[in-house]
Amino acid sequence: MTDNKNKLLNELGISDRVIAYGEAALSKLEKRFKEIDEIAERNQAKVLLAMSKNRVSAACFAGSTGYGYDDLGRDTLEKVYSDTFHTEAALVRPQITCGTHALAVALSANLRPGEELLSINGAPYDTLQEVIGIRPSPCSLAEMGVNYSQVELNREGRFDFDAIAGAISSDTALVAIQRSKGYSMRPSFSVDEIGEAIAFVKKLKPGVKVMVDNCYGEFTELIEPSDVGADMTVGSLIKNPGGGLAPSGGYICGTKECVERCGYRLSAPGLGSEVGANFGIIDRLYQGFFLAPTVTAAAEKGAIFAAALYEPLGFNCVPKASEKRHDIIQSIELGSEEAMLAFCKGIQLAAPVDAYVTPLPWDMPGYDDKVVMAAGAFIQGSSIELSADGPIREPYAVYFQGGLTWAHAKLGILMSLQEMMNKGAVNL
Ligand SMILES: *Cc1c(COP(=O)(O)O)cnc(C)c1O
């Protein structure tokens, strides 16, 4: 029976040994996968309800050009997002280039000169350092007179409430929280933990606004940061909520007051969110959002499977296969450059696009160490599609994420292990 099944996998280069090892690991994950499927089902219902309530119809899929006035598809999509995230308003636009852009719009629209931005999870994601001006950049918030400070996490990687209380001042206007760990080894935050922090800062300073960087977190839990008091919940459409179909874009869901300002910042004062053509790609934003709960679930299953495969081989995995997840990122400490390159080569070999290229370390702008990246995606740079990357430095951790289908994520992880074996980095 297995002969025929293995034949195709063997043709991909996966040996019977790796297949058997994978099946044994998988047999222990039934319960975890069932939990993931249940979350996906509830989130699917949430999206479905938002679509039917807002009477999504074929007329919503029409393209628009020029100013994009009265774009029914765009305006309805924003209602679908705001109903899914349970917010007063949403800005969902292909003109928002990426997650960094969405975050930069949210921050610069809602901070004025002399006010202070406070990050309560230590340093924010790499690309935000220039946005804020921690690393000097033209047009940074610092250049516009916005001050910045940050509170480090405690030793367990959790919010340090005493330090937060000490840091909030009369100037603090906006508190930023990053849900996913990004490229660090701290745990990601659950929405409940984020809710606790939001309640804490709002009790200390009622008028303060809170923005949550929700990148990679969407649909991994039953609730979103917007359900626990965030004034703005922000992310990228080439991650979870784009479902792999959105060719570009970002979203900001939040209060009417905050989101309106974001519209003015994104286009121009006076114009706001009334303008912005959809260039004929709006149907993909709808369909991608519709698929997002199950695509996210596929990616999570891949992450859990990867941890279940690599943990018993002695590699430190964050989070562990058995731990609750709050995003789709899986980090695996591989211990050497050779092992990282082999892992990434395996992921690349499993890509539907550019499978023939070999990922090599390169000097990426903005990073001190060389970075290796494996990605063969339909949408360039999309990390809801199967991908892996990491800086070449101790502890030689790869950050693995994505997979539009569970079957593809599984094959990719098996191929990574096969490459590790071929290079002598593991023994089964
Ligand atoms: C991906 C990501 C961003 C934004 O990155 P872009 O590449 O600009 O989309 C911001 N914060 C976190 C935590 C992320 O994972």
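The values are calculated or read from the model by the stated rules, or taken from the named source; none is laboratory data. Worth saying up front: this structure is predicted, and the values here are computed from it rather than measured. Note: ideal-geometry Cβ built from the backbone for every residue, glycine included; neighbour counts use all protein chains shown. For accessibility, only protein heavy atoms count, side chains too; no ligands or nucleic acids. Shrake-Rupley method; radii C 1.70, N 1.55, O 1.52, S 1.80 Å.
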Quiz item: Only one of (1) touching a helix residue (DSSP H, G or I) at 6+ places or on another chain (Cβ under 7 Å); (2) surrounded by 13 or more Cβ atoms within 10 Å (Cβ to Cβ); (3) of a type outside the set (F, W, Y); (4) part of a helix (DSSP H, G or I) fails for L48. Which number is that?
Solution: (1)
Quiz item: So which residues in segment 232-284 are in contact with a Leu (Cβ under 6 Å, 6 or more places away or on another chain), closer than 21 Å to S52 by Cα and within 16 Å of the ligand (Cβ to nearest atom)?
Solution: G243, A246
Quiz prompt | Exclusive hit being touching a strand residue (DSSP E or B) at 6+ places or on another chain (Cβ under 8 Å) and in the same structural domain as E193 (by TED's automatic domain parsing), set E257, E218, E274, E311 | solution = E218
Practice problem: Could you figure out which of (1) open to solvent by 30 Å² or more (accessible area, probe 1.4 Å); (2) modelled with pLDDT of 95 or more; (3) over 21 Å from the mean Cα position of the chain (by Cα) isn't true of A350? | Solution: (1)
Self-check item: Selection status of G217, within 23 Å of F33 (Cβ to Cβ), out of contact with any Pro (no Cβ under 6 Å at 6 or more places or on another chain), open to solvent by less than 10 Å² (accessible area, probe 1.4 Å) and within 15 Å of the ligand (Cβ to nearest atom)
Solution: yes
Practice problem: Kindly check whether there is at least one residue in segment 288-309 that is at pLDDT 95 or above, hydroxyl-bearing (S, T, Y) and closer than 24 Å to S184 by Cβ. | Solution: yes
Quiz prompt | Residue list for segment 168-190, filter: modelled with pLDDT of 95 or more, more than 13 Å from the ligand (Cβ to nearest atom) and assigned to a loop (DSSP other than H, G, I, E, B) | solution = I168, S169, S170, D171, S190
Practice problem: Considering every residue within segment 333-344, establish whether at least one is part of a strand (DSSP E or B), modelled with pLDDT of 95 or more and closer than 22 Å to R393 by Cα. | Solution: yes
Quiz prompt | Exclusive hit being free of Cβ contacts under 8 Å to residues at least 60 places away in the same chain, surrounded by fewer than 17 Cβ atoms within 10 Å (Cβ to Cβ), in contact with a strand residue (DSSP E or B) (Cβ under 7 Å, 6 or more places away or on another chain) and not assigned by TED's automatic domain parsing to the domain that holds E394, set D171, D162, D192 | solution = D171
Quiz item: Among all residue pairs at least 6 apart or on different chains, which show Cβ distances below 7 Å where the first residue, located in segment 20-34, is within 12 Å of A321 (Cα to Cα) and in the same structural domain as H326 (by TED's automatic domain parsing) and the second is assigned to a helix (DSSP H, G or I) and small (G, A, S)?
Solution: A25/A308; K28/A308; L29/A308
